[in-house]
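One structure is given below, encoded as structure tokens.
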Amino acid sequence: LLSPPDAEKTPGYWNKGARRRLELALALQPVAQRAKNIILFMGDGMGLSTMSAARIYKGQLSGGSGEESILAMETFPHMALAKVSGAVLGGTVLLPLPEIPLDPSCFQTYTIDRQVPDSAGTGTAYLCGVKANAKTLGLSGAAIYGKCRTTFGNEVDSILHRARLAGKSVGIVTTTRVQHASPGAAYAHSASRSWYADANMPKEALRDGCKDIAYQLVHNTDINVILGGGRMYMTPKRTPDPEYPEDPDQNGTRKDGRDLIAEWLSAKQGARYVWDKKGLDAVEDDSVSHLMGLFEPKDMRYELNRNTSTDPSIVEMTEKAVRILRRNPNGFFLFVEDDHIPCAGGRIDHGHHSGRAKQALMEAVMLDRAVARAGELTSLSDTLTVVTADHSHVFTFGGNTPRGNSIFGLAPKKAKDKRAYTSILYGNGPGYSIRDGGRPAASLPAAEDKDYRQQAAVPLETETHSGEDVVVLAQGPMAHLFHGVQEQHYIAHAMAYAACLEPYATEPGCRAARRASHGSQCSPQPLLALLALCMAALMVGG
């Protein structure tokens, strides 16, 4: 048998691989039954270039050259493509040409008032189903950023809230504070994404009757599982943090004197609160109906900085959430976000904002591991799993690098200024630097360090989002609804339709789906399971 490098030199290797893919495509059939469960994975800031780089990084972490690797999310049968033959212009959808036999799913991420969005406006779109203004949460476009009074009457309910009203269990898992923009859109209605606690709100907003996001987390929706960071916004001012009791900067911040954790525990029968990995591991899956785990005062740590003995990973939090939520015979909805810099969203996002590509890509790899673990804990026959991003970043990689080059390595030739540069670069951000009349030369091993800042073309305190479309990947019941070029708010509508949630609860097939959820489980879809396994097998050999 030829070794992989030698096999790749033969036409038969590529022809055989292409034929396998063609056979899978021809065998693919829509799963038209309704979804009992929905899991939405949100890679905050995980644009297409980030996914591609994370794929290579994943392969290199396993000892391979990286390019031939495949992410778990990339095995989903309904997925986006790098090239899309349509565009969204001024709200008008230009559909792909009908003769193209592909299934792209690309989503424009602008908000009503911004060409390039933030995580609050996008969160309202993909969770609540409506486009909104930037920096507002759970409100229609009639609400004005920072204006409390425009909140009332303009609230829009998220798919998480609607799933709970329908009798499903619901949960949130995030590597940021649970009050942050992306998870906040699942339960809050706020004219400002920054109103984490009452201490973060202007006096006028408090006088006008607006509530902070932490308060709404506890009082708006009956959420079964809440896992992430954000302890300081839940307790009274000067309350010592359980993990950092000697550091006053980590103390509680609430001015109203409320202990929201205690309020939540007292209102939920069978509820449990934990603040470290040991506490999370001790929770028996069948012993709680509600679980809140807040593992840092603010955002959780990057995976590469995580204390593995005290802080759980996104994979561990996702597994715990699924094990608890899946006990509900009516099904569940779970939102999982990875976003990592103190200004934006999840830890992927934060890594990019700080110009630290290695931190961002490790977060993307961890999100993919969470996707894989969730797939092992659920069934393709009744669980719709969707993976997407809220926006992208001005992040790219290139430079004619050879096969197997470290994704964090140097381009093989020097630039016009006779200095080396890394394959990964940013369009703007804190990586901009001028020394002795020019940019500093990149070098190894410094460029491989987890905190290395890749160079940027334009100097900014933090790197910015980018405005290109983002990818959506889906598997399970009704996954075929994710196709073509769509507006980002379509995601919430497709998920709601798939699970018979409002406003689609009375659509044909929903009555039978509700009966099935209370009776015997639907038999697995052997073909779909086989297709997923075959797609995963394609990581080796063509």
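Within the range 373-418, which trypsin sites (Lys or Arg not before Pro) sit in a loop by DSSP and count at most 12 neighbouring Cβ atoms inside 10 Å?
Passing both the DSSP loop test and the Cβ count: Arg403, Lys413, Lys416, Lys418.
Measure off 7 Å from each Cα along the Cα-to-Cβ vector at Glu507 and Ile434, then give the distance between these two points in nanometres to one decimal.
If labels sit at Glu507 and Ile434, their model points lie 5.5 nm apart.
Report ³J(HN,Hα) in whole Hz for each residue of the range 492-507, in order, from the Karplus equation J = 6.51 cos²θ - 1.76 cosθ + 1.60 where θ = phi - 60°; Gly and Pro get x.
4, 5, 5, 5, 4, 5, 4, 9, 6, 9, 4, x, 10, 5, 9, 5
Would you calculate the separation in nanometres between label points at Gln115 and Asp208, each defined as 7 Å from the Cα along the Cα-to-beta-carbon direction?
3.0
Taking a spot 7 Å from the Cα of Glu67 along the direction of its beta carbon, which residues of the range 408-437 have an amide N less than 17 Å from it?
Taking a point 7 Å out along Cα→Cβ of Glu67, the residues of the range 408-437 whose backbone N falls under 17 Å are 408-413, 423-424.
So, with a 1.4 angstrom probe, what is the percent of accessible area on the range 405-463 that is carbon and sulfur?
Carbon and sulfur together cover 53 percent of it.
Mind running the shape call on the range 405-463? Use the C-alpha gyration tensor, a ≥ b ≥ c as the square roots of the eigenvalues: rounded below 1.5 for a/c, prolate if a/b tops b/c, oblate otherwise.
Oblate shape, in that a/c is at least 1.5 and b/c is the bigger or equal ratio.
Given a Förster radius of 25 Å and the C-beta distance between Ser443 and Asn307 as r, what FRET efficiency does 1/(1 + (r/R0)^6) yield to the nearest 0.05?
With a Förster radius of 25 Å, E is 0.25.
Taking θ as phi - 60°, what are the ³J(HN,Hα) couplings along the range 175-181 by the Karplus curve (6.51, -1.76, 1.60), each to the nearest whole Hz, with x for Gly and Pro?
8, 9, 5, 5, 8, 6, 4
Going down the table (Lys278/Lys358; Lys237/Lys268; Lys36/Lys278; Lys135/Lys255; Lys131/Lys268), which pairs top 26 Å between alpha carbons?
In this structure, Lys278/Lys358; Lys36/Lys278; Lys131/Lys268 exceed 26 Å between Cα atoms.
Going toward the positive end of the dipole of the chain, with +1 on Lys and Arg Cβ and -1 on Asp and Glu Cβ, which of Asn305, Thr318, Val283 do you reach last?
Most positive-ward Cα: Thr318.
Counting only Cα, what are the radius of gyration and maximum Cα-Cα distance Dmax of the chain, in Å?
According to the Cα coordinates of the chain, Rg and Dmax are 23.1, 76 Å.
Only four residue types carry charge here, +1 at the Cβ of Lys and Arg and -1 at the Cβ of Asp and Glu. Report the dipole size of the chain about the Cα centre in Debye, rounded to the nearest 20.
380
Taking the Cα centre as origin and putting +1 on Lys and Arg beta-carbons and -1 on Asp and Glu beta-carbons, what dipole magnitude results for the range 405-463, to the nearest 20 debye?
380
Can you give the net charge of the other residues whose Cβ lies under 15 Å from the Cβ of Arg34, counting K and R as +1 and D and E as -1?
+3
Considering the zone a paramagnetic label at Leu265 would reach in this model (a point 7 Å from Cα along the Cα-to-Cβ line), which residues of the range 292-321 have amide N under 18 Å from it?
Within reach of a label on Leu265, which here means backbone N under 18 Å from a point 7 Å along Cα→Cβ, the range 292-321 contributes 292-297.
Take the Cβ-Cβ distance between Ala18 and Ala142 as r, set R0 to 41 Å, and report the resulting FRET efficiency rounded to the nearest 0.05.
Given R0 = 41 Å and the Cβ-Cβ separation, E is 0.20.
Quick one: Debye curve from the alpha-carbon atoms of the range 159-266 only, equal weights, vacuum; give me log10 I(q)/I(0) at q = 0.16, 0.21 Å⁻¹ to two decimals.
With no solvent term, the Cα-only Debye profile gives -0.71, -1.16.
For the range 219-336, with every protein chain kept in place, what is the accessible area per residue (1.4 Å probe, Å²)?
Roughly 42 Å² per residue, with all protein chains present.
How large is the accessible surface per residue of the range 405-463, computed with a 1.4 Å probe and reported in Å² as a whole number?
Each residue of the range 405-463 exposes 56 Å² on average to a 1.4 Å probe.
Ordering Lys58, Lys168, Lys147 by accessible area with a probe of 1.4 Å, largest first, what comes out?
Lys147, Lys58, Lys168
Provide Met79, Met292 ordered by accessible surface of protein heavy atoms (probe 1.4 Å), highest first.
If we order Met79, Met292 from most to least accessible, we get Met79, Met292.
Going through the range 216-260, which trypsin sites (Lys or Arg not before Pro) have at most 16 other Cβ atoms within 10 Å and a DSSP loop state?
When the trypsin sites (Lys or Arg not before Pro) of the range 216-260 are filtered for loop state and at most 16 Cβ neighbours within 10 Å, Lys237, Arg238, Lys255 remain.
The values are calculated or read from the model by the stated rules, or taken from the named source; none is laboratory data. Here the structure is a predicted model, which is why all the values come from computation and not from measurement. A quick note on method: Cβ atoms are made from the backbone with ideal geometry, for glycine too, and the neighbour counts reach across all protein chains shown. All accessible areas refer to the heavy atoms of the entire protein, side chains included, with ligands and DNA or RNA removed. Shrake-Rupley method; radii C 1.70, N 1.55, O 1.52, S 1.80 Å.
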